[in-house]
1. So what's the gap between the Cα centers of the stretch 62-90 and the stretch 104-128, to the nearest angstrom?
2. Sticking with the crude label model, points 7 Å out along Cα→Cβ, report the distance from residue 121 to residue 68 in nm, one decimal please.
3. Looking at this model, which pairs from 68/140; 52/94; 57/140; 52/136 are more than 22 angstrom apart at the alpha-carbon?
4. Whole-Hz ³J(HN,Hα) for each residue in the stretch 53-69, computed from phi via Karplus 6.51 cos²θ - 1.76 cosθ + 1.60 with θ = phi - 60°, x for glycine and proline: what do you get?
5. On the principal axes of its Cα set, how long, how wide and how thick is the stretch 43-159? Give whole Å, largest value first.
6. Given 0.36 nm per residue, what is the gain on full extension from residue 114 to residue 95 after removing their alpha carbon distance, in nm?
7. With the crude spin-label approximation of a point 7 Å out along Cα→Cβ, what separation in nm comes out for residue 49 versus residue 147?
Amino acid sequence: MSRRFFGLVTLTAVIFAVSSCSGPAANNTNTATVNVNTNSNANTAADSAAAKADIEKLVNDLAAALVKGDADAVERIYSDEYLIVNPDGTVQTKAERIAGIRSGEVKFESLVFDEINTRVNPTGDGAVVVARATSKGTNKGQTVDGQLRVTMVFSKGPAGWREVAAHTSQITAPMGTKGLPTPQPALKGLPTPPVGAQGLPTPGEKGLPTPQATPSPSNS
């Protein structure tokens, strides 16, 4: 009986010792995992912020280079695969764009980007920028004065960030309800005809004739 009791006490002591040793180790492992995840998230956020700063500096450097007509600087910012869609729908390659800058066909007196909104992908090697461009200049003989909404795509390679594509759209008047243009006042002081149901002019107003009832046939 005493031997069995002694054995039971010994077994209980061993289990307690093993449990005591494994508990802190497991807790330490969990704590280490949490710390690694926290550090990883912090590093990712820091990398994304740094990438955004680099790209937005590049956007402003591009504007300065275009105003100066510095084709060499623009050439370093554009990737070899660069394409741009102009407001009129025409497409230019990098070679065509650079040739236009060198010849003076593409010329800006002023160009400022603002409302810059940058999105970096999770891997940190690609980004999309949507910005507003306020410009004064010419492109292929066409005036580019005014404001444009510009979408730019950037890619990061061994040489750093480069712009690979751009799309530009003219900013027009604000839209009204349901996506329809906001009605404008009539031109040159002409009255705007009132509109009835289904978009038809309202009879009897603004000089429009009022339809007459058809007379009943006479018995005579």
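Each reported figure results from applying straightforward, stated rules to the coordinates on display, with no laboratory input. From a predicted model like this one, the values you see are computed outputs, not experimental measurements. So basically every Cβ, Gly included, is an ideal-geometry build from the backbone, and we count neighbours across all protein chains shown.
1. Spelled out, the Cα-based centre of one part sits 10 Å from the other.
2. Computed distance between label sites residue 121 and residue 68 equals 3.1 nm.
3. 52/94; 57/140; 52/136
4. Coupling constants for the stretch 53-69: 4, 5, 5, 5, 5, 5, 4, 5, 5, 5, 4, 5, 5, 5, 5, 6, x Hz.
5. The principal-axis extents, from largest down, are 47, 27, 25 Å.
6. Working: separation 19, 0.36 × 19 = 6.84 nm, distance 2.67 nm.
The span from residue 114 to residue 95 would gain 4.2 nm if fully extended.
7. 3.0 nm
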